[in-house]
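A.B. asks: Here you go, one structure.
The values are calculated or read from the model by the stated rules, or taken from the named source; none is laboratory data. This is a predicted model, so every value here is computed, not measured. As a convention, Cβ positions derive from the backbone with ideal geometry for all residues, glycine included, and neighbour counts pool all protein chains shown.
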Amino acid sequence: MQICKVKNYQELSRKAANLIAAQVILKPDSVLGLATGSSPVGTYEHLVEMYENGDLDFSQVTTVNLDEYKGLAGSDKQSYRYFMNTHLFHKININHANTYVPNGTEPDAEKACQAYNELLHKIGSADIQILGLGHDGHIGFNEPSDHFENETHCVDLTETTIQANKRFFDSEKDVPKQAYTMGIGTIMRCRKILVVVSGKDKAEILKQVVQGPVTPEVPGSILQFHPDCMIIADEAALSEMA
Ligand code: F6R
């Protein structure tokens, strides 16, 4: 694990965007593993800016997203498909047919997960996967558990996650209670992993992820075993680390 300490969210976003841009420049048909949530928003803004300046071409890129709420359609403003469209895909020259998010409208969890797994097998491992970190240590929506899940599965969101995500919904009762997420095995098979972590509220869990034991109780701790994982974190997020 390589830790890259930056001053603040702005610097974090610029650095993460530069690393993703380098990947796309070096390999124009890269597979990018993408995340939603607040952490990568600034990164996507920078990528859009680089595209607008003529410095990046996404025409051959394929993207696979980590997760989607079960029950939400892509047209729903709270869905992760909608998030990706509005923050990135609709602002760059990516072929929309090459952008993939689990199908939240498939009510049969087994079917939804199997379809996403088949797709991921066909596409192959992501060249670079961007991750945020949940307050309970989740990556994707792999919540604390007694084991690591290998591939895409349906999860019951924890109370911590529901509380953290209710800020995006009109009321807490609107927050879906389940999601489809890529498994830990799939994430670990990505060639490079970039974790973006910002803010004091992530300091305690980041310390556990980096310095604690590797355990499914803190799912992000598995990243200690990834051969090419960089954590870009700001001073506030690193404030609990020795
Ligand atoms: C989102 C995802 C989640 C978030 C995590 C942190 O696709 O997979 O693991 O990365 O919940 O969310 P933020 O960045 O909003 O703190």
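A.B. asks: Return a yes/no flag: does the stretch 116-125 have any residue that is within 16 Å of the ligand (Cβ to nearest atom), at pLDDT 95 or above and out of contact with any Ser or Thr (no Cβ under 9 Å at 6 or more places or on another chain).
C.D. replies: no
A.B. asks: Continuing with this model, one more query. Is there any pair linking a residue in the stretch 141-163 that is more than 20 Å from ASN103 (Cα to Cα) to one that is at pLDDT 95 or above and aliphatic (A, V, I, L, M), with Cβ under 8 Å and at least six apart or on different chains, and which?
C.D. replies: PRO144/VAL218; PHE148/ILE184; PHE148/ILE222
A.B. asks: Of all residues in the stretch 179-236 being touching a Lys or Arg at 6+ places or on another chain (Cβ under 6 Å) and of a type in the set (A, V, I, L, M), which is nearest to ASN103 (Cα to Cα)?
C.D. replies: ALA179
A.B. asks: Something else about it: Quick check on this structure: which one of LEU32, LEU66 is more than 12 Å from the ligand (Cβ to nearest atom), touching a residue at least 40 places away in the same chain (Cβ under 8 Å), within 16 Å of VAL195 (Cα to Cα) and crowded, with 21+ Cβ neighbours inside 10 Å?
C.D. replies: LEU32
A.B. asks: Restricting the search to the stretch 208-236, which residues are hydroxyl-bearing (Ser, Thr, Tyr) and touching a residue at least 60 places away in the same chain (Cβ under 8 Å)?
C.D. replies: Residue satisfying the conditions is SER221 alone.
A.B. asks: Restricting the search to the stretch 180-198, which residues are touching a residue at least 60 places away in the same chain (Cβ under 8 Å) and surrounded by fewer than 20 Cβ atoms within 10 Å (Cβ to Cβ)?
C.D. replies: ARG189, ARG191, LYS192
A.B. asks: From the residues in the stretch 70-93 that are out of contact with any Ser or Thr (no Cβ under 6 Å at 6 or more places or on another chain) and crowded, with 21+ Cβ neighbours inside 10 Å, which one is nearest to THR152 (Cα to Cα)?
C.D. replies: Filtering first and then ranking leaves LYS70.
A.B. asks: Also, I was wondering about something else. So which residues in the stretch 147-165 are farther than 28 Å from SER125 by Cβ and either modelled with pLDDT under 90 or near the ligand (Cβ under 10 Å from one of its atoms) (or both), if there are any at all?
C.D. replies: THR160, ALA164
A.B. asks: Could you grab me the full set of residues in the stretch 219-242 that are of a type in the set (D, E, K, R) and under 19 Å from GLY199 (Cβ atoms)?
C.D. replies: ASP234, GLU235, GLU240
A.B. asks: If you don't mind, there's one more thing I want to ask. Check off (1) touching a residue at least 40 places away in the same chain (Cβ under 8 Å); (2) within 16 Å of the ligand (Cβ to nearest atom) for THR86 and give me the number that stays unchecked.
C.D. replies: With (1) touching a residue at least 40 places away in the same chain (Cβ under 8 Å); (2) within 16 Å of the ligand (Cβ to nearest atom) applied to THR86, the lone miss is (1).
A.B. asks: Looking at this structure, is LYS207 more than 16 Å from the chain's Cα centre (by Cα), modelled with pLDDT under 95, away from the ligand (no atom under 13 Å from the Cβ) and assigned to a helix (DSSP H, G or I)?
C.D. replies: Against the criterion (more than 16 Å from the chain's Cα centre (by Cα), modelled with pLDDT under 95, away from the ligand (no atom under 13 Å from the Cβ) and assigned to a helix (DSSP H, G or I)), LYS207 does not qualify.
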